1. Within the stretch A:334-365, which residues are open to solvent by 20 Å² or more (accessible area, probe 1.4 Å), among the hydrophobic types (A, V, I, L, M, F, W, C) and within 14 Å of chain B (Cβ to nearest Cβ)?
2. Residues of the stretch B:36-79 being open to solvent by less than 50 Å² (accessible area, probe 1.4 Å), more than 20 Å from B:Pro92 (Cα to Cα) and within 14 Å of chain C (Cβ to nearest Cβ), which ones?
3. Can you tell me which residue in the stretch A:366-391 is farthest from A:Ala261 (Cα to Cα), limited to those that are in a helix (DSSP H, G or I) and within 8 Å of chain C (Cβ to nearest Cβ)?
4. Any residue in the stretch C:113-135 that's of a type outside the set (Ser, Thr, Tyr): show its pairings with residues that are surrounded by fewer than 16 Cβ atoms within 10 Å (Cβ to Cβ) at Cβ separation under 7 Å, as long as the two are six or more apart or on different chains.
5. Answer yes or no as to whether B:Val180 is aliphatic (A, V, I, L, M) and within 20 Å of B:Leu82 (Cβ to Cβ).
6. Which of (1) more than 14 Å from chain C (Cβ to nearest Cβ); (2) free of Cβ contacts under 8 Å to residues at least 12 places away in the same chain; (3) not in a strand (DSSP E or B) does A:Leu586 not meet, given it meets every other one?
7. Scan the stretch A:230-253 residue by residue and report those that are among the aromatic types (Phe, Trp, Tyr) and open to solvent by less than 30 Å² (accessible area, probe 1.4 Å).
8. Among the listed residues A:Thr306, A:Thr275, A:Thr265, A:Thr299, which satisfies the condition of being in contact with a Lys or Arg (Cβ under 8 Å, 6 or more places away or on another chain), more than 24 Å from A:Gly225 (Cα to Cα) and either within 14 Å of chain C (Cβ to nearest Cβ) or assigned to a helix (DSSP H, G or I) (or both)?
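The values are calculated or read from the model by the stated rules, or taken from the named source; none is laboratory data. Since the structure is predicted, the reported quantities are computational estimates derived from the model, not experimental observations. Every residue, glycine among them, receives a Cβ derived from its backbone with ideal geometry; neighbour counts consider all protein chains shown. In case anyone asks, the SASA skips ligands and DNA or RNA and just uses the protein heavy atoms, side chains included. Shrake-Rupley method; radii C 1.70, N 1.55, O 1.52, S 1.80 Å.
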Amino acid sequence: MIPELGHYVLILAFWIALAQGVLPLAGATKGHLAWQSMAKPLTALHFGLVLLAFLALMWSFVINDFSVLYVSQHSNSLLPTVYRMAAVWGGHEGSLLLWAFLLALWSIAVAIFSRTLPLAMSARVLGVLGLISTGFLAFILTTSNPFDRLLPAAVDGRDLNPLLQDVGLIIHPPMLYMGYVGFSVAFSFAIAALLSGRLDAAWARWSRPWTLVAWVFMTFGIGLGSWWAYSELGWGGWWFWDPVENASLMPWLFGTALIHALMATEMRGGFKAWTVLLAIGAFSLSLLGTFLVRSGVLTSVHAFATDPRRGVFVLIFLVVVVGSSLTLFAWRAPKVSVGGRMGLISRESFLLANSVLLVVATGAVLLGTLYPLIIDALNMGKLSVGAPYFNAVFVPLLSPLLFLMVPGVAASWKEAQISQLVSRLRWVALGALVLACGVPALLQELGQGEWLWSTSLGLFLSAWIVLGSVKHAIVRSRQPGRIALSYWGMQTAHLGMAVLVVGITMVKGYELERDVRIGIGETVTLRDFTLELKRMEDVDGPNYKALRATLEVKKDQRIVAQLTPEKRRYFSTAMPMTEAAIDSGLFRDLYASLGDPVEPHPQTRAPRWNLHVYDKPFISWLWAGVLLMVLGGVIAALDKRYRRAASPANPV
Amino acid sequence: MKKFLIPLGFFLGLVIFLALGLQRDPKEIPSPLVGQAAPAFKLFTLAADNQTFEPKDMQGQVWMLNVWATWCVACREEHPLLVEFSKQHSVPIVGLSYKEVQAQDEPPGAKLSPEDKRLLARQRSEKWLRTRGNPYVVTALDLDGRVGIDYGVYGVPETYVIDKQGVIRYKLVGAITPEVLVKKILPLVSDLQKT
Amino acid sequence: MQRCFALFCRPSVLVALLWMCLAGSLMAKEAEPNAQDPVIEARMVHISEELRCMVCQNESLASSHAELAGDLREEVRSLIRQNKTDDEIKAFLITRYGDFVLYRPTVKPMTWALWFGPFVLLLVALTAMLMYLRQRQRQAPQTGWTDEQLKKAERLLKDGESA
C-alpha cells in the first residue's frame, strides 16, 4: 500500500510542479497578479507531496519491504536500521528521489525567505525551479521509479554494498546534493533576471546568499566524499580524479567563480552578463554531472547501474534546460546596461582574473574527463586520462589563482596602484619565501624526507595567503568603520584554502608507507613509531564476521595509540572487505590496513598476515581546511545586508 | 552581439559528442594484438604430461583460441555454443586453461609444486569438460597466467581468431553470443580460409 | 634432582640462558617487508601508479587488489630486474593491452588538444580579459541617474567598501 501511495503522490507532485512552473512564469510575463501569487502555495504543496513520497520509500526500507524492487536490491534484513534509512539514496532511483526532494526543499526555502523580493521576481524564480522539478519528476516516473514492485517478493534483500555501510553514506550524498541542487537557485535567479530584463546590483544582493549557502554545502559534500574515501577504501587515498569526482568539482569551481563575480556585480554593478553566465554554467555543470554519472558513457568506480534510456532522457533534459537558458542569454544579455569604469589594476580586475582562472581550470577538468569519450566518438580508439594528466594541468592553473588571493583582497575598487600593492606586500612575500624554503630544508636535514620543489610551491602559496590575510585584517581593523561579517567570512574561507593547501603539500611530500608480512609479537617501524601486532581475534558484527588485528603503537617506548584494522566478510556478499584503522592527530595520521594471511614465518612457522601501514603527515589539515571554508561561507551568508529588508523602490 | 552566442555554440558541440558517446560502450576495448603475430609459447597440454602445444603447431590453418577456466562463470554460458560450433568442424578450437589453480586453492602456508598444480588443474578441467562437452582439439595449461599476459587477457572468457600465417585477426572479450558468432566470427573464418 | 638444580644455579649457565632469551627476542621482532627489494619495489610502485587496472572500474595498477593486478605488478618487477627502462616497461604493457592502460596519455598528435588545450584556453581567456579591461578603462562612466539615486548609490558604495 505505502509504495503505491508513494508512487501516486509522486505523480501528483509532477502535475503540481508543472503548475508551479507554468502559471507564475506566464503570470509574470502577462502581468497576471493572481497567477504570480500562486507560486508560493504551489511550491508548498509540491514540497509536501515529494516529502510524503520520500518518507514512503524510507518507510519501505525500514520495515524491510522486499516486495519493492529497489529495496530488495539495496537492503537486507540484517542491515542496521540507520543504514537501511541511508540506503534510500544508495542506488540510482532513490538518489534521484533525494534530488527531487532536496529541490523541493530549496524551493520552499526560497518561497519562505523571499518576502522582500518583488512578486514578479519571486514568481519567476519559483517558476523556473518548478520547471526543473517537473523535469526531474518526469525522469523518475518514466525511467527510474523507486516504487516498482518485485512480485513475488524476495525472501531477503541483496544488501547494501558493504563499501557503502559507513557513516559517510549517511551524510555525503545529502550534503553533496544540497550543493548540486542549490545551484539551481542561483540559476533560477539568473533566468528570472534575464526574463525580466532587470539585471542589477539588487538582483546580485538577492542571489548571493543563496549561492553562498549552495557553495557551502557543495564544499562540505566534496570534502566529506574525500574523507570517506580516505577512511573507508583502505589505501589512504583521498582524490582520484575519477569522472564522478570531477563531476562534482566542476560545478564547485564555477560556484566559487560565481560567488566572487557576484561580489563585483553587487558592489559595483560590473560583470552582470558574466555573472549570469556563470550562474547558468554552474547549474549546467551540475546537470552535466548527473548525465555523466548515470548514463554509462564513462568508466568510474562510483557510477550507478546504467541504462542507455536514462542517458538519453538526461541528455534531452540537459539540452532543453541549458540550451534554452543559453539562448535566452544570447538574446537578453546584450541589452543589459554596462557597469562603471574599472582600472586595469583594481579589485574588479582581480575578480575577473579569478573568474578566468577558475573557468579555465574547469575547462581543463572537463576536457580531461570527456577526452576519452571524444576520441572514442571520433573512432580514433580508446585511451585513458587519469590523475597524472589532471595533476599536471590543474596545479599550474590553480597556483596563480592562489597567489592572486592576497593582492585581490588588498586592491581597492575601481583603481589600485601596483606600486602600492607591492610595497604593502613585500614583507609578506619575503616571509612566505623564508617559510617555503626553510621548512623543507630543515625537514630534509632531520631526515624526514626529500626537499621537493612542489613542497616549496605549496608552502609558499599557503604562507603567502595566511600572512597576507592576517596583515590585511590587522590593517583593516585599525581603520575606522564597522567591519561587515562578510569580510570575516572571506578571511576565514581564504584561510581554510591555505590550510587545505598545507595539508595537501605536506601529505604528498612526506607520506610514508610500509608493506609487510607480520606475525604476532612482530613489529614494524614507521618514522619514530613502532607498531607491534599484539593479537588477532575473530569478531562478530551485526551482518558480518571479521578478523581483527590489534596493533599497539609506541613512540619513545610509551604506548601512544592502538589500531584495530579488520578484514570483514559480510554475509550477503562473497567479497571480503577491509576496514582500515586510523589514529588521527593534528600533525599526522597513522593508517593501518589488514591484508590476507600469507605463508608462515620460515623459521618459527608462526602464522603471518599482510599489513600495510602509512604515516600521513598533516592530512587532518585537509579536513580542517574544508571545515574552515564551510565556516567562512556560513559567516559571509549571515552578513546583515542580506537580512536587511531591501525596499522595493531603490533599484540601483 | 555574436560573442553572446559563443556559450550556446560550445554547448551544442558538447552535446553532439555526448550523444555520440551514448552509443559507444566505454568497456569495449579494442586489442592492439589484432594484426600482430600470435605470441609464441610452449605449454603442457591437458591430455598428457609429456605433450606440449605451441601456436606454430597450427601454422597453415585458420584456428581459434578460447581462454577459459572452471572457476569462470561466463565460460559456462558460452560453453554450450562452443560445443555445438565445434561439432560443425569448420575451424579447430584450441583451449587455453587460464590460471585454473588459484591462490585460494593452495593450502595456507604451503605452495603446491608445479606438478601438483598441473595434476589439480587436469583433474578439475577434465571433469568439467566431461560434464559439459569438449569442443577443443587440444587444451594448453597456462597455470601462472604468463601466456595470458602476452595475449592481453583480462576478462575471461576471451576468444581469438588466428589466420594461416599465425596472425591474430580478431579478439573477443567476454562470452561468445550467437550474434557475434554469426555476424563476426563465421564470416571472418570463411574469408581467412579462402586465402 | 638436587644436583640438576645445582647445575642450573651456576652463574655461567644462568648467563648463557639469559643471553639466549635476549638474543631470541631481538631476532624475532621486526616484521618482514613484503617487497624483496625496496629499490625495485619503489620503482614498480612509481610505474604502476600511472597504469590502469584492466579488470577494475577505475583503479590504478598500484592500488588494486585484483589478481590480474598482482600478476602484472610481478611482471613489472621482473622487467625492472631485467634492467628495462620505464618507457620499455610501459611499451610492454601497451603492446598487450593498448593505450587504454596508460593513465598518463602519451603526447602525440591525437592528444595535443588534450595536453595543450588548457594552456591555449588560458592564453585566449587572458587576452580577452586584457582587451576587455582596456576597453573599460577608456570608457567614460555613464549615469542617467537622479541626484537621489546618486546619493543612494554613494551610501551603498560606502557599505560595500566596509566589506
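1. Matches in the stretch A:334-365: A:Val336, A:Val338, A:Val359.
2. Within the stretch B:36-79, B:Cys72, B:Ala74 qualify.
3. Filtering first and then ranking leaves A:Ile375.
4. Final answer for the pair search is C:Trp115/C:Val107; C:Leu133/A:Leu344.
5. The answer is yes for B:Val180.
6. Every listed condition holds for A:Leu586 apart from (2).
7. Taking the stretch A:230-253 first, the residues among the aromatic types (Phe, Trp, Tyr) are A:230, A:235, A:238-241, A:252.
Within the stretch A:230-253, A:Tyr230, A:Trp241 meet the criteria.
8. Details: A:Thr306 fails: more than 24 Å from A:Gly225 (Cα to Cα); A:Thr275 fails: in contact with a Lys or Arg (Cβ under 8 Å, 6 or more places away or on another chain); A:Thr299 fails: more than 24 Å from A:Gly225 (Cα to Cα).
Exactly one of A:Thr306, A:Thr275, A:Thr265, A:Thr299 is in contact with a Lys or Arg (Cβ under 8 Å, 6 or more places away or on another chain), more than 24 Å from A:Gly225 (Cα to Cα) and either within 14 Å of chain C (Cβ to nearest Cβ) or assigned to a helix (DSSP H, G or I) (or both), namely A:Thr265.
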